[in-house]
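Undergrad: Pasting a structure below so you can have a look.
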Amino acid sequence: MAIINILVFPGFLFLVGFALVGEWLDRKLYALMQNRVGPPWFQPLADIIKLSAKEDTIPAQADRTVFKMMPLVALAATVVTILYIPLWNTRALNSFSGDLVVVMYLLTIPTLTFFLGGWFSRSLYSMVGAARALTQLFAYEIPLLLSLLAPAMLANSWSISEIAAFYSQRLYLVPVNIIGFMCAMIALLGKLERVPFDIPEAETEIVAGTFTEYGGRLLALFRLCVDVEMIVGASLIAAIFLPFGLGLPAWLVFVLYLLKVEAIIFLISFLRTIMARLRIDQMVNFCWTILAPLAFLQLVINLILKGVVQ
Amino acid sequence: MSDQDVVKIPLGPQHPALKEPGNFTLSLKGELITEMGIRLGYNHRGIEKACEQRSYLNDLYLLERICGICSHSHSTAYVQAVEEIAGIQVPPRGLYLRTLIAELERVHSHLLWLGVAGHEIGFDTLLMYSWRDREVVMDLLAALTGNRVNYGYNTIGGVRRDVTDEQKADVLKATDILEERTKYYAHLAGQELTLTKRLKDVGRLSKEDVLRLGVTGPTARASGVKRDIRKDDPYAIYSELDFDVVSNEHCDVFGRTLVRVGELLQTYKMIRQMIAQLPDGPIAAKAPRKIPKGQAISRYEAPRGEDFHFVRGNGTDKPERVKVRAPTLVNMQAVAQMMKGGQLADMPITLAAIDPCFSCTDRMIELQDELGNSGQVYSWSQVREIGIRHYRERGIDFSDLSKRLANWRERI
């Protein structure tokens, strides 16, 4: 049963399928909002198949081991994360007190692999992209952690499952976290490297940043990793900030979960439709002077509220 | 930081930021640009030389192909110079129609630029929107002239096609749509926060630098230099039209955007005036095949700035010399100045803000040896010998083949 859980449902296969649908949804919505037609539903899968059929080329100067390992590490880290996030009930597949920290840690790994993969590609564009990915990590990681910390404080637990259970029983407390929700959404854009924070892969400046030298199967793995990361990030936000209707029949909760994730994907594509790419210095400034204080404000609000409630 | 921290990044000749070949070597300290080297000349086509071997009318079509965007600008600038030498009076209706196409071309060029600018700063929605709206004017140009870019509308002495009353109505209708959309973009440019953040204080060029470097077009007008050939040295029918020269004192990419959007609104005003005032009569005067001896210069306000043509005739049906100076040539000098101390992320938009057109600019090639010495002149036979030696060194020898070819010819 455990092996099925890990490999098929809700593990690898389901997650990859959902990630591809998520990517299609993102691209289609983005296209529709820009007055374009957009790709057909199977396009993300077709891209993966096409990339998998291509030859792997590794630059002569690159570190072969690191170059090959990084996509695998990135994908493994994001797929494992889903085991700790409650999807359509208040119980995750695997949960213990403190799994929020583990999830945050696991979600940092892809960015680190982008850095290492780009750095060891030894291409100028990759190296600039890698340096930017790491700079960006330091900017959004703190606001993201703070904004997830605030609901956890109020729920008095470090376990995502317990946080979800706490809020689903006290729905009136959900609106309290609205600032944290917004901060987490914006920080998630940074994590996923989407406009306005797609600075590490700004195509008009540094080609594809980290991924410049990647191709074939390795690029397919990286792209899959980014798609899965989007689903995992959206699920995490849905579990903590949108714990609605968890007591309904199982199939209905499942549909509701899909809708929640799709709503978050819609928000992501909407935000990237209406904005231009920021510069790295503007991004860091924004994260430290606006986003981090806002997330901190949420923390203070929840601390005060906790004192009042008790 | 020591000199070892300076990273040199080559951008181009092929790169995704621009659709034309140009090589830019950026010296970077972190994200800051300390120096920029520009290398153009990948697209030399020898058009000026080719002009000397073709008749005046053939040259018109050749010069139109200098640029894929401001094709009408080059052909009009050339045709004006030829008409001046030959002393041809173009009928008023011909001049009006020529100017109408010129202004429609400005609309399509500026909308295209707006989209490119959006793409350079990662705002693809602006690209998709403005290029969708650009289709309106492209369709209009195709309906009026028969083609979307290389219109072939001018001829020596006038234009080649007349407009019908239905087409006039179409022009007015399209102008209304475009004006509404442009007003929306003007509103957007001032409102959208990420847009203004990326455009303001980027690529600064002071008024003094504009005057020193001889910068033209919207780039100069955005630095407070009110220069516009249409106002300063009116050609065609611009002296009869009522319009303002749009300029501002921003001195940055934001200012250049505002100038272009403002110019679009002025252009719609001019198009309406031209349609309303369009006189009756012939559209072209008859031009002689042989143009008399003489020389003339012609200046034209292309969408990118001053387009300069010089033509000298020697009494035959072919010009003795045609000289073209596209606006990008002068504006390019300013880019290195704008780039100094800028960020890597601002490089594409700074470059795009002069609306560069490298292919139009490439007029000559200067050969340099390994030491950077130039000025050596090779005769045709010397070039041939160098070529033969070059290939022989690489194991390719045609001498045997050419001997056999000569023998075979003798036998026949």
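Undergrad: Which ranges mark the helices (runs of 4 or more DSSP H) fully within region B:1-114 that have 3 or more residues being small (Gly, Ala, Ser), surrounded by 23 or more Cβ atoms within 10 Å (Cβ to Cβ) and at negative phi?
TA: Values: elements: B:47-51, B:56-64, B:71-86.
Where helices (runs of 4 or more DSSP H) fall fully within region B:1-114 and carry at least 3 residues being small (Gly, Ala, Ser), surrounded by 23 or more Cβ atoms within 10 Å (Cβ to Cβ) and at negative phi, they are B:71-86.
Undergrad: In contact with a Cys (Cβ under 6 Å, 6 or more places away or on another chain), more than 30 Å from B:PHE254 (Cβ to Cβ), crowded, with 23+ Cβ neighbours inside 10 Å and more than 14 Å from chain B (Cβ to nearest Cβ): does that describe A:ALA239? Lay out the reasoning, then the answer.
TA: Numbers: in contact with a Cys (Cβ under 6 Å, 6 or more places away or on another chain): no; more than 30 Å from B:PHE254 (Cβ to Cβ): yes; crowded, with 23+ Cβ neighbours inside 10 Å: yes; more than 14 Å from chain B (Cβ to nearest Cβ): yes.
It is false that A:ALA239 is in contact with a Cys (Cβ under 6 Å, 6 or more places away or on another chain), more than 30 Å from B:PHE254 (Cβ to Cβ), crowded, with 23+ Cβ neighbours inside 10 Å and more than 14 Å from chain B (Cβ to nearest Cβ).
Undergrad: So which of B:LEU140, B:LEU95, B:LEU62 ends up being over 16 Å from B:HIS309 (Cβ atoms) and in contact with a helix residue (DSSP H, G or I) (Cβ under 9 Å, 6 or more places away or on another chain)?
TA: One residue alone meets the criteria, B:LEU140.
Undergrad: Right, here's the next one. Within region A:159-261, which helices (runs of 4 or more DSSP H) (wholly inside it) include 3 or more residues that are within 19 Å of A:ASP47 (Cα to Cα)? So that I can check it myself, show each step before the final result.
TA: Details: elements: A:160-169, A:178-192, A:203-206, A:216-241.
In region A:159-261, A:216-241 are the helices (runs of 4 or more DSSP H) which contain 3 or more residues that are within 19 Å of A:ASP47 (Cα to Cα).
Undergrad: How many residues, within region A:243-277, are within 14 Å of another protein chain (Cβ to nearest Cβ) and not hydroxyl-bearing (Ser, Thr, Tyr)? Working first, answer last.
TA: Applying the first criterion (within 14 Å of another protein chain (Cβ to nearest Cβ)) to region A:243-277 yields A:269-277.
Filter once more, so that each one left must be not hydroxyl-bearing (Ser, Thr, Tyr): A:270-272, A:274-277.
Total satisfying the criteria: 7.
Undergrad: If you don't mind, there's one more thing I want to ask. What pairs come out if I take residues in region A:35-51 that are within 14 Å of another protein chain (Cβ to nearest Cβ) and pair them with residues that are of a type in the set (Phe, Trp, Tyr) and in a loop (DSSP other than H, G, I, E, B) whose C-beta lies under 8 Å away, six or more apart or interchain?
TA: Hits for this filter: zero, empty list.
Undergrad: Turning to a different aspect of this structure: Filter region A:278-310 down to the residues that are under 27 Å from A:ILE163 (Cβ atoms) and of a type in the set (Val, Ile, Thr), then identify the one that is nearest to the other protein chains (Cβ to nearest Cβ). Steps first, please.
TA: So the first thing to find is which residues in region A:278-310 are under 27 Å from A:ILE163 (Cβ atoms), and the list is A:287-288, A:290-310.
Next cut, of a type in the set (Val, Ile, Thr) only: A:290, A:300-301, A:304, A:308-309.
Details: A:ILE290: 12, A:VAL300: 26, A:ILE301: 26, A:ILE304: 31, A:VAL308: 36, A:VAL309: 37 Å.
Across region A:278-310, the extreme among qualifying residues is A:ILE290.
Undergrad: Looking at (1) closer than 29 Å to B:ASP133 by Cβ; (2) assigned to a loop (DSSP other than H, G, I, E, B); (3) not charged (D, E, K, R), can you tell me which one A:TRP24 breaks?
TA: (2) is the only condition that A:TRP24 fails.
Undergrad: Shifting gears a bit: Can you tell me which residue among B:GLU166, B:GLU135 is part of a helix (DSSP H, G or I) and away from every other protein chain (no Cβ under 14 Å)? Break it down stepwise before answering.
TA: Details: B:GLU135 fails: away from every other protein chain (no Cβ under 14 Å).
Every option except B:GLU166 fails the conditions.
Undergrad: Next question, about the same structure. Among what's in region B:39-59 and is at pLDDT below 80 and in contact with a helix residue (DSSP H, G or I) (Cβ under 7 Å, 6 or more places away or on another chain), pick the residue that is farthest from the other protein chains (Cβ to nearest Cβ).
TA: B:ASN43
Undergrad: All but one of (1) away from every other protein chain (no Cβ under 14 Å); (2) more than 16 Å from the chain's Cα centre (by Cα); (3) among the charged types (D, E, K, R) hold for A:GLU205, so report the exception by its number.
TA: (1)
Undergrad: Let me spell it out: the conditions are (1) closer than 29 Å to B:PRO348 by Cα; (2) touching a Lys or Arg at 6+ places or on another chain (Cβ under 9 Å); (3) aliphatic (A, V, I, L, M), and A:ILE237 meets all of them except one. Which number is the exception?
TA: It is condition (1) that A:ILE237 fails.
Undergrad: Out of B:THR164, B:THR155, B:THR145, I need the residue that is among the β-branched types (Val, Ile, Thr), surrounded by fewer than 18 Cβ atoms within 10 Å (Cβ to Cβ) and either farther than 17 Å from B:LEU111 by Cβ or within 22 Å of the chain's Cα centre (by Cα) (or both). Which one?
TA: Values: B:THR155 fails: surrounded by fewer than 18 Cβ atoms within 10 Å (Cβ to Cβ); B:THR145 fails: surrounded by fewer than 18 Cβ atoms within 10 Å (Cβ to Cβ).
Answer to the selection: B:THR164.
Undergrad: Let me ask you something else. Within region A:208-217, how many residues turn out to be crowded, with 24+ Cβ neighbours inside 10 Å and away from chain B (no Cβ under 14 Å)? Explain how you work it out, then say what you get.
TA: Residues of region A:208-217 that are crowded, with 24+ Cβ neighbours inside 10 Å, as a first pass: A:209-210, A:214.
Retained after the next criterion (residues that are away from chain B (no Cβ under 14 Å)): A:210, A:214.
Looking only at that region, the number is 2.
The values are calculated or read from the model by the stated rules, or taken from the named source; none is laboratory data. Just so it is clear, the structure is predicted and the values come from calculations on it, not from any experiment. Quick reminder, even Gly has a Cβ in these numbers, built from the backbone with ideal geometry, and neighbours come from all protein chains shown.
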